[in-house]
Amino acid sequence: MIENSYTVTGMTCAACAAHVQKAVAKLAGVEKAEVNLATEKMYVAYDPQALDFDTLKKVVENAGYGLVENRPIKKIELIVEGMSCAACSAAAERAVKKLPGIKSASVNLATNRGSFEYDPATVKLTQIKSAIEKAGYTPKEIKGQESRDLEQERREKEAQNMRVRFIVASVFAAPVLYIAMSHMFGGLNLPIPGFMSPHLYPLRFALIQLALTLPVIFAGSRFYTRGFKTLFKGAPNMDSLIAVGTGSAFLYSLFALVRIAMGDIAFVQSLYFESASVVVALVMLGKYLEARSKGKTSEAIKKLMQLKPKTAFIEKDGREMEIPLDEVAAGDLVIVRPGSSFPVDGIVIAGTSSADESMLTGESLPVEKEPGSNITGGSINKEGLIKFEATLVGEDTALAKIIRLVEEAQGKKAPIARLADTVSGIFVPIVLVIAVVAAVAWTIAGRDFNFVLTIFVSVLVIACPCALGLATPTAIMVGTGKGAELGVLIKGGETLEATHKITTVVLDKTGTITTGKPQLTDIRLYNNMTEQEALLLAASAERGSEHPIARAIVEGATAKDIIPVNPENFQALTGRGLSATVSGKMILAGNAKLMKENSIHTDLAEKDGAELAQAGKTLMYIAVDGNLAALMAVADTVKPSSKDAVARLNSMGVAVYMLTGDNKNTAAAIAEAVGINQVLADVLPGDKAAAIKQLQDGGQIVAMVGDGINDAPALVQADIGMAIGTGTDVAVASADVVLMRGDLNEVPTAIALSRATIKIIKQNLFWAFIYNSIGIPFAAGIVYLLGGPLLSPIFAGAAMALSSVSVVTNALRLRRFKIK
């Protein structure tokens, strides 16, 4: 049975509704029919095998009314397995978009996910899955947290599987290379066992290479199954390039082995098993590193989910009871004790406390809570017992929205297309056509089979995309390794390739530009109080408090070699400050509200207070025995490296913004201190991603740098997300780049390294194509036709090896990259 709703037109009274309901209820297959006159809706539970919409509509029309089918657009996310490059995600998208009823289709290579909007009345989910399968990939449904865990487990197994395959390929490819080198470069006098001498035992020499190459081919079987499958479907990818190139070398080597077995010993010089095996092993290394770095955003989602407690305490009928979080409803009275997390969003009804919202807002100072204050689910209750009314629960809470924003940003984030992928769709077919045309032409010209096969294989071998396949990954490997040396952890090749395009860097304030830890910055003295005495009394009174402002004052005193003493009669006054007796003196330390409650005149500090508050600092009034003694200011201080980093970014032509949830005064003060002219302040956690998108809509390529959970949606919305390594795990997991030392100077370093890497990649691709452009006319026999030499597969293989060596050597130049 399924249940659908429909709009009924033409009804004017209750009798109309009853008439329609009665007519529909009589139909075979209808279990229940209800018609609502006020909403003009009809709800029908029926067996879809026994009843369709056309029959239903006809019955309603016969009753004298109209029926309109409500066709809501559905949205589904699927895991898409088996993709290896941007061409794969594009092929999966194209396959689904061809279906009728598809409103949008977006397949993300980086997350292995596809997001699809469709009309369920026109196209079914099974058809979408089938289209993806026919394109050569495997779709799987995503079902909540359990599915996320299974997906993470699958990715870990995939990376482990790739590691094992790479080890197998390497173990067998190394001796093949050695054996082949020993006879190809005899001048090096490389020792080789006599029982496999190519001169004395050529067949044994060939069979041993075949035996060693087969495990490599088996370990890299995915390249061939996926590569040829996508090639035959007209959407070749990087796997296709590897499959065609290494497959050609392997098949020709098999042919040479057969000829050797037939007694033609000359073919011992035409074995290319080492080319196939070594290229497969190298490409598998790149695939393993790629598999290990993918899927970090799912860890971020998992950590966000862990912020929510599993149960909540609510008050019902005068009794307190513990219930599962999913059962909390809007309007429930929720009780939260000190140290516990607020389970949902709401408004404080009773109690005062402070809440640590740093995991959501990124701001280090706790937020005072009193009746009427808003509560954000996922934040932590620090001090007092709080009773609040739940207003937003389930998927409507701020935390749930942040989780959803992260997932949506991941889905919309377009994969970075590698330069080699862009040409693979043209390059492979052209090479195949040239090889076939050349072979047919020479056959028509009357040449024998050996000559024709030599032409065909020479074209494929010299056009083998070894250099093309190595051009990007070798530069990526060296670049990411160099980045790690410099404290910049880059998650994958796509990120390293994309970072060079950055035109705008958006910096979070707290923990990114600043230290994220409140420090005592100013002391103003009144009524003949000395600084040393004020610090001693204030630090001693605050010694028993865990409040960040209290700790900042205690640390400020300790830094000046002032040793606090133990206070007496300590009392925390929630939301206002504290009171204590220190060396017989009555100390009050807190905000202006506390001073007013105790009739402490603060007129002397009015000008100082306004000045410090204007600079975005938090004020702490100190009263001794009923008189104002000092005004202390605490603020989050700027990191020493921030100003230099901003200057470096500006010199590179990169625009710098500051994005913060803090107030405009504080933001402006920090921005001025580091030289940032463009500030976005008072931005709520859920709006940070929208602020990034607005910049992107203006044509900017944006990098976001942050350290808090609230930064996670913005980090994945940005073209490149950069997380401070000393920040929260979620920010680090959500980002594309992790700045391990927490130094903003690593941001310009990452951009400069990416620019250098892209330069190397372009050079590699240029040289890879130059070899092919020069070599293919030789291999196809065009130069031979004009009286020049015929390029044999031996020289084709040498040219192919030379091209590979050149791109690897060029990539190694990145090791000399230095910070400017």
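The values are calculated or read from the model by the stated rules, or taken from the named source; none is laboratory data. Since the structure is predicted, the reported quantities are computational estimates derived from the model, not experimental observations. Here the Cβ is made from the backbone with ideal geometry for all residues, glycine too, and neighbour counts use every protein chain on show. Remember, those area values only see protein heavy atoms, side chains included, never the ligands or the DNA or RNA. Shrake-Rupley method; radii C 1.70, N 1.55, O 1.52, S 1.80 Å.
Just so you know, in region 52-66 the residues that are within 48 Å of the chain's Cα centre (by Cα) and modelled with pLDDT of 85 or more include one that is nearest to residue 9 (Cα to Cα), and it is 57.
Would you mind stating whether residue 363 is modelled with pLDDT under 85, part of a loop (DSSP other than H, G, I, E, B) and not aromatic (Phe, Trp, Tyr)? So residue 363 fits the description; yes.
Specify which of the listed residues (636, 687) is touching a Pro at 6+ places or on another chain (Cβ under 9 Å) and open to solvent by 20 Å² or more (accessible area, probe 1.4 Å). None of the other options fit; the residue is 636. Looking at region 628-644, I want the residues that are closer than 10 Å to residue 745 by Cβ and have a partner that is modelled with pLDDT of 85 or more and not in a strand (DSSP E or B) with Cβ atoms under 6 Å, at least 6 apart or on another chain. Which pairs are those? If the second residue must be modelled with pLDDT of 85 or more and not in a strand (DSSP E or B), the pairs left are 641/744; 641/745; 642/513; 642/674; 642/744. Among the polar types (S, T, N, Q), touching a strand residue (DSSP E or B) at 6+ places or on another chain (Cβ under 8 Å) and open to solvent by 50 Å² or more (accessible area, probe 1.4 Å): does that describe residue 9? Answer is yes for this residue. For region 117-136, filtered to residues that are open to solvent by less than 70 Å² (accessible area, probe 1.4 Å) and farther than 15 Å from residue 105 by Cα, the residue that is modelled with the highest pLDDT is 136.
Being modelled with pLDDT of 85 or more and open to solvent by 40 Å² or more (accessible area, probe 1.4 Å): is that true of residue 156 here? It is false that residue 156 is modelled with pLDDT of 85 or more and open to solvent by 40 Å² or more (accessible area, probe 1.4 Å). In region 577-618, what residues are open to solvent by 70 Å² or more (accessible area, probe 1.4 Å), closer than 21 Å to residue 521 by Cα and without any contact (Cβ under 8 Å) to a residue 24 or more places away in the chain? Within region 577-618, 606, 607, 611 qualify.
Suppose the filter is open to solvent by 70 Å² or more (accessible area, probe 1.4 Å) and in a loop (DSSP other than H, G, I, E, B); does residue 50 pass it? Judged against the criteria, residue 50 is not a match.
Only a single item in (1) modelled with pLDDT of 80 or more; (2) among the hydrophobic types (A, V, I, L, M, F, W, C); (3) surrounded by fewer than 22 Cβ atoms within 10 Å (Cβ to Cβ) is not met by residue 92, and it is number (3). Restricted to region 733-771, and to residues there that are of a type in the set (A, V, I, L, M, F, W, C) and outside any helix (DSSP H, G or I), the residue that is farthest from residue 714 (Cα to Cα) is 740.
Conditions tested, residue by residue: (1) open to solvent by 10 Å² or more (accessible area, probe 1.4 Å); (2) at pLDDT 90 or above.
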position: 209; (1), (2): no, yes
position: 226; (1), (2): yes, no
position: 229; (1), (2): yes, no
position: 258; (1), (2): yes, yes
position: 274; (1), (2): yes, no
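Note on region 526-545: residues that are in contact (Cβ under 8 Å) with a residue 24 or more places away in the chain and assigned to a loop (DSSP other than H, G, I, E, B) amount to 6. Residue 780 versus (1) open to solvent by less than 20 Å² (accessible area, probe 1.4 Å); (2) modelled with pLDDT of 85 or more; (3) farther than 30 Å from residue 447 by Cβ: which is the lone unmet condition? For residue 780, the failing item is (3).
Quick check on region 554-564. Is at least one of its residues free of Cβ contacts under 8 Å to residues at least 60 places away in the same chain, within 27 Å of residue 381 (Cβ to Cβ), in contact with a helix residue (DSSP H, G or I) (Cβ under 6 Å, 6 or more places away or on another chain) and in a strand (DSSP E or B)? Scanning region 554-564 turns up no residue that is free of Cβ contacts under 8 Å to residues at least 60 places away in the same chain, within 27 Å of residue 381 (Cβ to Cβ), in contact with a helix residue (DSSP H, G or I) (Cβ under 6 Å, 6 or more places away or on another chain) and in a strand (DSSP E or B).
From the residues in region 499-558 that are open to solvent by less than 10 Å² (accessible area, probe 1.4 Å), hydroxyl-bearing (Ser, Thr, Tyr) and at pLDDT below 90, which one is farthest from the chain's Cα centre (by Cα)? The qualifying residue farthest from the chain's Cα centre (by Cα) is 514. Meeting the requirement of 3 or more residues that are more than 42 Å from the chain's Cα centre (by Cα), the strands (runs of 3 or more DSSP E) wholly within region 577-689 are 577-582, 585-590, 618-624, 627-638.
Scanning region 643-671 for residues that are surrounded by fewer than 23 Cβ atoms within 10 Å (Cβ to Cβ), at pLDDT 90 or above and out of contact with any strand residue (DSSP E or B) (no Cβ under 7 Å at 6 or more places or on another chain) returns 643, 644, 647, 648, 651, 652, 653. For region 12-47, the candidate set comprises residues that are part of a helix (DSSP H, G or I) and surrounded by fewer than 15 Cβ atoms within 10 Å (Cβ to Cβ); within that set, the residue that is modelled with the lowest pLDDT is 14.
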